[in-house]
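Working notes, structure below.
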Amino acid sequence: MLWTTLGFLLMTALIAVWHVRRSAKSAAPRCPRCHTVVPAGATRCTGCSAPLQAYEVVEAKEATGEEEGGGGRPHAIVRADLCVGCSTCVDACPEEGALRMHGKLAVVDMALCVGHGDCARACPVSAIVVTTGGSVQRVEVPRIDVNFQSNVEGLYIVGELGGRGLIKNAINEGRLAVEHVVATLLTRAERNDDPYDLAIVGSGPAGLSAGLEAKRQGLRYVLLEQGSLADSIRKYPRHKLLLAEPISVPLYGDLWISDATKEALLKAWEAIIETTGLQVRTESRVEDVRRHDQFFELVVGEETLRAQRVILAMGRRGTPRRLGVPGEEGDQVFYDIVEMEAFAGRRVLVVGGGDSAIESALGLCNQEGCRVVLSYRGEGFRRVKPRNLEKLEKAVAEQRLIVLLQSEVRRIHRDRVELEFQGTLREMPNDDVIIRIGGEPPSSFLGKVGVEMVNKDIPLVGSEV
C-alpha cells in the first residue's frame, strides 16, 4: 500500500512538472513566421532568422472601434500614423505628464490623462481623439499577414505603407516578402516570356530590397518607379535619418550610414544599384493593379504588364500633385511632413489652401524659431474646417504666421523662392518648401485593388526611422 501511494505521488509530481513545463513552453514568445520559441530579449528568430521588429504592427491587436474596451475613464488616443511630433498637444494639456514626447511621437500616460480634450482641440493635424478604450496609440494599415501578404492573395505590401516607417523594417520586409513569393510560386516564368514572376511597385528602401532579393533568387522581376530613381528617398519628409545599426541588404551585405542623412542613404542606394546591376524602370507610374485569372495585370501608362505576384512598396504619401515650376526637384522641397521639429529655426514656405496646407503651417509655426509663410493662389480659404480657419486667424494675429493670398510660386532656388504676389514678382529668403495641393493618396489606390484597411492598437513607437 505504501509503495502504491508513493508511486502515485511520484507519478502525480511528474505529470505536474510536465504540465508546468508544457504550459511555460506554450506561453513563451514565438516567431510569428515559423513559430519557433524565441528567447527573451532576442531580436531575431533563431529558426528562420527573421528580424522580430518587422512584425510589431502585423502582430498588433486589431481595433474594432474607438470605443473598444467599453467603459472606463475617458482618455486621449494618438493616431501614430498622423502624428508629426510638433508637441502642440503636450503644451496644451493641463495635466502635467499626461502627454509627453516619446521620440518623434506624442504618448499618452493612461494613469494621468483624464480626457480634458484640450490636446485634441489643439492638435493641428487632427491626430488625437478622446475615447474610453484601452489603447493609447493607433494606426490605420492594410490588412496583411506575417508574410506581408494582403487579403488579396498574391499581393504583398511592405515598407512605410504597411505601418511603421522604419528604414530597417522596410528593407527587412522587402526581403521577407520575396522569400515567401519564392516559396509559393508554382512555376516560374520563362526568361523571355510573359508574365513576370514578380512586379514590384516603388523604389524606396522596401522596393529596392525586394528587387535585390528577387534578383538574388533568380526571379524574372520588374521594378517600377513612378518618378526618378529612389525618388521616395529624395522626397523623404525628414531632414535626418537614424540608422542605429548596420542593415543587411540582399546581394550587397551590411549597409551602414554614419552621418545619418537622406543624402548619404541615397548615395549608398545608387552605389548598391550600380554594384548589383539591379534594373529599375523609372517614370513608370502604375495606374491600376487587377486580378486576371491566375495573374495580375498592371496598367503602366498605355502598357499592360502581367505578373504572378505583386509587391506594393509605394510609401504612405501616394502621388502628390506638383507645382510644375523650376527648382521643384530640389531636396528641400517636400510634399508631406512626418516630424515638424526638424524645421525649427528654418524659413519655410507652405503652398496650398486646403486643410492639409493650413494644418502643416499651423504645426510648423509652433516650432521654435520657425518662420512660416503660407502661400495660396485664391482670394480666401473657402473649403477648410472652421476650426482650422479659427486657428489660422489666431496665428496670423499673433504674428506667428504670414499668409499671402493671391500668390503663386514661380521658381524655387536653394536659398530663396520667387513668388508672384498680387501681380508683382518678388523674391523671398527660404530654406524649405512644403507643397500641399492635393494628389492621390495610397488609400484610394489600395481600395481600387481590393486591399482592406484596418485600425490597429500598437505598442509605443520609438524614435528610430
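A quick yes/no check of all residues on (1) under 26 Å from residue 123 (Cβ atoms); (2) touching a Ser or Thr at 6+ places or on another chain (Cβ under 9 Å); (3) modelled with pLDDT of 90 or more; (4) assigned by TED's automatic domain parsing to the domain that holds residue 362:
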| position | (1), (2), (3), (4) |
| --- | --- |
| 381 | yes, no, yes, yes |
| 389 | yes, no, yes, yes |
| 399 | yes, no, yes, yes |
| 403 | yes, yes, yes, yes |
| 411 | no, no, yes, yes |
| 440 | yes, yes, no, no |
| 445 | no, yes, no, no |
| 464 | yes, no, no, no |
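Taking the options 200, 171, 167, 157, name whichever one is modelled with pLDDT under 80 and β-branched (Val, Ile, Thr).
The unique qualifying residue is 167.
Would you say residue 454 is surrounded by fewer than 21 Cβ atoms within 10 Å (Cβ to Cβ) and β-branched (Val, Ile, Thr)?
Taking the combined requirement at face value, the residue satisfies it.
What's the total number of residues in the range 99-126 that are in a loop (DSSP other than H, G, I, E, B) and either without any contact (Cβ under 8 Å) to a residue 60 or more places away in the chain or on the phi > 0 side of the Ramachandran plot (or both)?
Result for the range 99-126: 12.
Tell me which of these residue 78 doesn't satisfy, since it passes every other one: (1) assigned to a loop (DSSP other than H, G, I, E, B); (2) under 28 Å from the mean Cα position of the chain (by Cα); (3) modelled with pLDDT of 80 or more.
(1)
Can you confirm whether residue 129 is in the same structural domain as residue 74 (by TED's automatic domain parsing) and either in a helix (DSSP H, G or I) or surrounded by fewer than 21 Cβ atoms within 10 Å (Cβ to Cβ) (or both)?
yes
Would you be able to tell me the number of residues in the range 201-218 that are crowded, with 24+ Cβ neighbours inside 10 Å, outside any helix (DSSP H, G or I) and either at positive phi or without any contact (Cβ under 8 Å) to a residue 60 or more places away in the chain (or both)?
Qualifying residue count for the region: 1.
Test each condition in (1) at pLDDT 90 or above; (2) not in a loop (DSSP other than H, G, I, E, B) for residue 91 and report the one that comes out false.
(1)
Scanning the range 417-441 for residues that are out of contact with any Lys or Arg (no Cβ under 9 Å at 6 or more places or on another chain) and in a strand (DSSP E or B), which turns out surrounded by the fewest Cβ atoms within 10 Å (Cβ to Cβ)?
424
Condition first: within 30 Å of residue 114 (Cα to Cα) and either not in a loop (DSSP other than H, G, I, E, B) or not polar (S, T, N, Q) (or both). Now tell me which residues in the range 134-149 satisfy that.
The answer is 134, 136, 137, 138, 139, 140, 141.
If you take the residues in the range 259-313 that are assigned to a loop (DSSP other than H, G, I, E, B), acidic (Asp, Glu) and out of contact with any Asp or Glu (no Cβ under 8 Å at 6 or more places or on another chain), which one is surrounded by the most Cβ atoms within 10 Å (Cβ to Cβ)?
My answer is 259.
Results for (1) surrounded by 12 or more Cβ atoms within 10 Å (Cβ to Cβ); (2) in contact with a Gly (Cβ under 9 Å, 6 or more places away or on another chain); (3) free of Cβ contacts under 8 Å to residues at least 12 places away in the same chain, shown as yes or no for each residue.
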position	(1), (2), (3)
364	yes, no, no
367	yes, yes, no
377	yes, yes, no
381	yes, yes, no
384	yes, yes, no
391	yes, no, no
398	no, no, yes
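Scan 139, 114, 84, 129 and give me the residue that is out of contact with any strand residue (DSSP E or B) (no Cβ under 6 Å at 6 or more places or on another chain), under 30 Å from residue 449 (Cα atoms) and at pLDDT below 90.
Answer to the selection: 84.
The values are calculated or read from the model by the stated rules, or taken from the named source; none is laboratory data. Quick caveat, the model's predicted, so the values are computed rather than measured. With ideal geometry, Cβ positions are generated from the backbone for all residues, glycine too; neighbour counts draw on all protein chains shown.
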